Amino acid sequence: MAPVMSSALLAFMWLPITTSAGDGGALTGDAASCPSSASCGVPAIQTATTEADVELQEELESSALDMRLLQSRVSKKAAVVDADSETRMLSDEQREGDIQGEDTVAFFQVGVDGAAGGIAEAQAPNKVGKEDATGSHHKHTASAPAPPPDHKPAGVIGDICYESADCCPFQDQPDSVCHLFCKEGKEIDKQDVRGWRLIGACAKKWNGFCTEDEDCGMGYYCARSADSLAGTCTRDELCDNSTCGRGRCRAGECTCDYGVTGPHCDRSTEAFAFLFYGNSPDNLVSVRVMIRSLRAGGAQQDVVAIIPKNMANITPAEHLHILEGDGVKLYYTEPIFMPESMDKDPIIHSRWSGVMNKFAVWRMTDYSQVALLDTDMVFTVDTECPDIIFRECTAPLCAVRDGDSRFMNAGVMVITPSTQRLTHILHTLSKETHHFAMPEQSFLTVYCKAPGNKMKLQFLDKKWNSCVGGGMLHNIGWESTGYNVLHSCSWQGKPPNMAMCYPGHCDMEEQWHTVLTWQKYHMQVDSCIMQTTAGDCNMTANHSCSWCGHYCTSSDIACSAKLFNETKAKDSDEPDFSKASELWHLRETSGLDWPRRNTSASWDNLPRGAWAWPQVAMYQILIDRFATPTPVECDKLDDYCGGNLAGIREKLEYLEALGIDGVVMSPVVEQMPHGYHGYWTKDLYSVNPQYGTEDELRELVVLFHERKMKAIIDVNLNHAGGPNMNASSAKDVSILKPFDKPEHYHSDNCSLIHNEDYDKGAKFLERCKLYGLPDYNHENPKVWQRLQRWVRDHVDSYGFDGIRVDAARHISRAFLDHIPENGPPIPAFLEVVNGEMSYIAGYSQGDYNAIYNYPLYYKLVDIFVPGPMQAPMATLGEWMEKEAPKAQG
């Protein structure tokens, strides 16, 4: 069979080479007269004239060399005797009697890289079996066909090899049960173009053979000598009693993960730090509570107080002594001053004059990562272990987005210390002329955006800083917030200023959650606060407590008139406390299945609660049809009419005057042609250019928040594409992002078009195509995970307060119940179009889901739409009395 090869070496070749040991080993066929310098079976290599030709020529030369080596191996395998030296090259002595006098046809295969894929032999036809040393006979079949390329016998002990696949390359069994491996030799194959391959020999594996630790079971490792790549699985008895913390054990020794060190990987090279200076008892008390909550959360890292040297003289020595007693390390550093462009502002100077000293954290090069914390925060009672933040931060600088989502929030930052980085930051800072209202965080955000500065800013999950959490934080009692860090950054009154709420002596339902959490840890830090009268306070052993007029404190901390003397925390960005109480009252008396408050909850047994859903109304906006900056006439109602984000911005005062709680905007992602409504998704990761830009969307959300309105975004998690798109066609779905393959969509040949289609059961609803649109296959792990991640990123990137889930009853209930899979809760309005109250109530799972009340809608249509079947108003009361119990699920 003549060789066939394309110029790109994309074809597979089968080349027969016939040898006869009886005639002196003469070769016949395609390789019969091939001199050692030729590359038989390989196309002639032409002179290269272009760069592409040069690359092709190099590829062909490499292939030719591989083929010459392979032909050499075939010759050895067939016991070819060189005509000049008459030297036999067969190394398998046990096969000598088998091959003498026999004609053998050897095949080899050339793959896409031109290299030999393996060797196989077939007996030539019409030969009589020859008795071997054992007296048995080999029986040959007449006209034996050539063996197929996918079934070849294994190699033999002693065969030349370069890798283990050469020893049993065509056996129909996994490598784990192949009984041979390539034992590396010492001689380098000098003819190989790569110049690094060692010539080995096939050898038999032994009991417990391995090449990697992964080949062995749990508790075993691959013990190898220094001069061998193969070894024996050995029980790692030295690791049985060894603990490696954040690391892994092998032969009794620990290899630590980045961020930890020590013989047992139990000493962290990470640290938590805070900026500390001044003589305020308030600051000291806040710091101690933060540290206590940090330790209660399970953090074992060093805690470091950064003290600018120019402020050390105004920091009371007794305060520093108390912190050291709490296990805090003191780090004195040279001061870092604010640029004149900002410091001239009297407000900035008064409030932020020392804030640039935060940058000193880059000097702490004894640590691999440092999390810098503001002191007016507390870790929640149900926090994840705080040290997880180091594993979630994979960039030189990490923080959550600020309320103005263009910038980071510096309340919690994770940085990688570097003196070179600090030098460059200070150089850039000295040239700064911008007037930033939030100096350090705005400067760092702009610094990271400059490509030349080569510092990536990673935005963390919002769970790491509630400062920008909006309404989700402002709950009362012990309701969980979903945050790890409660940061009272915008309050005029801080938790230390609030009057103590002692267990059993106050109504916790009338206390802010952040204050209760802070006071819980303060009671652990300073037990004196539990003494509520002067007499009890002064009677403590060794006079360890002092009475401060309205509270009791440790005698080594000075009294402060600001501590524990306010009853409410309220400023312009806080909700009205009475409104929160009214909301809870409405919930308790509504008859609906709201999570119940447990008024007898202990301070260490905290029930979870719900987000305060809107009290008035949400205004739903179809972006294309709501408003344009300038008047536009629209005649084609099946296409875009010009409504956009700028138009909504023009109507903010109108929306605010309505007294609504917020807006629900139609989907904003890029659409297929004519998808003005937002439900024909083309690209989940792009903003629809018909509406505006990413920056315009972020700014609009910020403006809603400034007016105390929530911004809910509609998301389409059920389908993608447009009409007439075939979900089974790779070409059709290739334009969709990120789900561009047919396997990302259900393949069921059914659609939901007619009314009767919706009565065929859950499987039909969830797997069939809504109006023929490609239906997401949520059972595909890639679809599930990427959609869940997109929801999280979509909400966090633009600062949305929640989502409206379109066509929710067509989506897997399991998928809906897992939104979101990580981070703080995402409130969700679910669109479940059904007239049965008990049906839609089944979708109300968890504290953060709300369902559109379609049963009420249909009832109101019956009452208010004129016609022969119009129902009287009295039926509304009857209906509500009947349906209310069903709403409880």
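With respect to TYR858, determine if the residue is over 41 Å from the mean Cα position of the chain (by Cα) and outside any strand (DSSP E or B). It is true that TYR858 is over 41 Å from the mean Cα position of the chain (by Cα) and outside any strand (DSSP E or B). Considering ALA874, ALA887, the condition of being small (Gly, Ala, Ser) and free of Cβ contacts under 8 Å to residues at least 24 places away in the same chain is satisfied by ALA874 alone. No other residue among CYS501, CYS548, CYS489, CYS528 is out of contact with any Pro (no Cβ under 6 Å at 6 or more places or on another chain), surrounded by fewer than 22 Cβ atoms within 10 Å (Cβ to Cβ) and within 21 Å of GLY411 (Cα to Cα) apart from CYS489. Considering the stretch 399-417, and only residues there that are of a type in the set (A, V, I, L, M, F, W, C) and closer than 17 Å to LYS456 by Cβ, the residue that is most open to solvent (accessible area, probe 1.4 Å) turns out to be PHE407.
Of the residues GLY219, GLY200, the single one that is farther than 30 Å from PHE359 by Cα and at pLDDT 85 or above is GLY200. Are any residues in the stretch 695-727 acidic (Asp, Glu) and under 16 Å from ALA646 (Cα atoms), and if so, which ones? Passing the criteria: ASP695, GLU696, GLU699.
Assess whether LYS309 counts as being in contact (Cβ under 8 Å) with a residue 40 or more places away in the chain, open to solvent by 10 Å² or more (accessible area, probe 1.4 Å) and closer than 30 Å to HIS435 by Cβ. No, not satisfied.
Under the condition of being assigned to a loop (DSSP other than H, G, I, E, B) and closer than 18 Å to GLY675 by Cα, the residues counted in the stretch 642-653 number 3. On the stretch given as the stretch 821-850, residues that are open to solvent by less than 40 Å² (accessible area, probe 1.4 Å) and not in a loop (DSSP other than H, G, I, E, B) total 8.
Would you confirm whether any residue within the stretch 713-735 is open to solvent by 40 Å² or more (accessible area, probe 1.4 Å) and closer than 22 Å to LEU816 by Cα?
For the stretch 713-735, residues open to solvent by 40 Å² or more (accessible area, probe 1.4 Å) and closer than 22 Å to LEU816 by Cα: absent.
Quick one: how many residues across the stretch 793-820 are assigned to a helix (DSSP H, G or I) and either over 18 Å from SER405 (Cβ atoms) or without any contact (Cβ under 8 Å) to a residue 60 or more places away in the chain (or both)? Residues that pass the stated criteria total 9.
Does ASP639 qualify as being free of Cβ contacts under 8 Å to residues at least 12 places away in the same chain, of a type in the set (D, E, K, R) and part of a loop (DSSP other than H, G, I, E, B)? So ASP639 fails the test.
Quick check on PRO396: is it surrounded by 22 or more Cβ atoms within 10 Å (Cβ to Cβ) and under 22 Å from the mean Cα position of the chain (by Cα)? If you could, list the steps in order and put the result at the bottom.
On the way: surrounded by 22 or more Cβ atoms within 10 Å (Cβ to Cβ): no; under 22 Å from the mean Cα position of the chain (by Cα): yes.
Judged against the criteria, PRO396 is not a match.
Can you spot a residue in the stretch 786-797 that is touching a Cys at 6+ places or on another chain (Cβ under 9 Å), closer than 20 Å to SER666 by Cα and either open to solvent by 30 Å² or more (accessible area, probe 1.4 Å) or not aliphatic (A, V, I, L, M) (or both)? No: zero hits. For the stretch 644-657, a tally of residues being surrounded by 12 or more Cβ atoms within 10 Å (Cβ to Cβ) and without any contact (Cβ under 8 Å) to a residue 40 or more places away in the chain returns 3.
On the given criteria, is ALA871 among the aliphatic types (A, V, I, L, M), open to solvent by less than 80 Å² (accessible area, probe 1.4 Å), in a loop (DSSP other than H, G, I, E, B) and farther than 27 Å from ALA814 by Cβ? Here the answer is yes, as ALA871 does meet what is asked. Among the residues of the stretch 418-458, just one is within 26 Å of the chain's Cα centre (by Cα), in contact (Cβ under 8 Å) with a residue 40 or more places away in the chain and open to solvent by 70 Å² or more (accessible area, probe 1.4 Å), namely LYS456.
Taken as a whole, the stretch 696-703 holds no residue that is in contact (Cβ under 8 Å) with a residue 12 or more places away in the chain and farther than 19 Å from ASP796 by Cβ.
Hey, among the residues in the stretch 316-365 that are among the polar types (S, T, N, Q) and surrounded by fewer than 16 Cβ atoms within 10 Å (Cβ to Cβ), which one's nearest to PHE276 (Cα to Cα)? In this case the residue turns out to be SER353.
Within the stretch 760-778, does at least one residue satisfy the condition of being outside any helix (DSSP H, G or I), open to solvent by less than 10 Å² (accessible area, probe 1.4 Å) and within 17 Å of LEU645 (Cβ to Cβ)? Checked against the condition, which is being outside any helix (DSSP H, G or I), open to solvent by less than 10 Å² (accessible area, probe 1.4 Å) and within 17 Å of LEU645 (Cβ to Cβ), the stretch 760-778 yields no hits at all.
The values are calculated or read from the model by the stated rules, or taken from the named source; none is laboratory data. Just so it is clear, the model here is predicted, and its values are computed rather than measured. Glycine gets a Cβ as well: all are built from the backbone with ideal geometry, and neighbour counts include every protein chain shown. The area values use the complete protein model at the heavy-atom level, side chains included, leaving out ligands, DNA and RNA. Shrake-Rupley method; radii C 1.70, N 1.55, O 1.52, S 1.80 Å.
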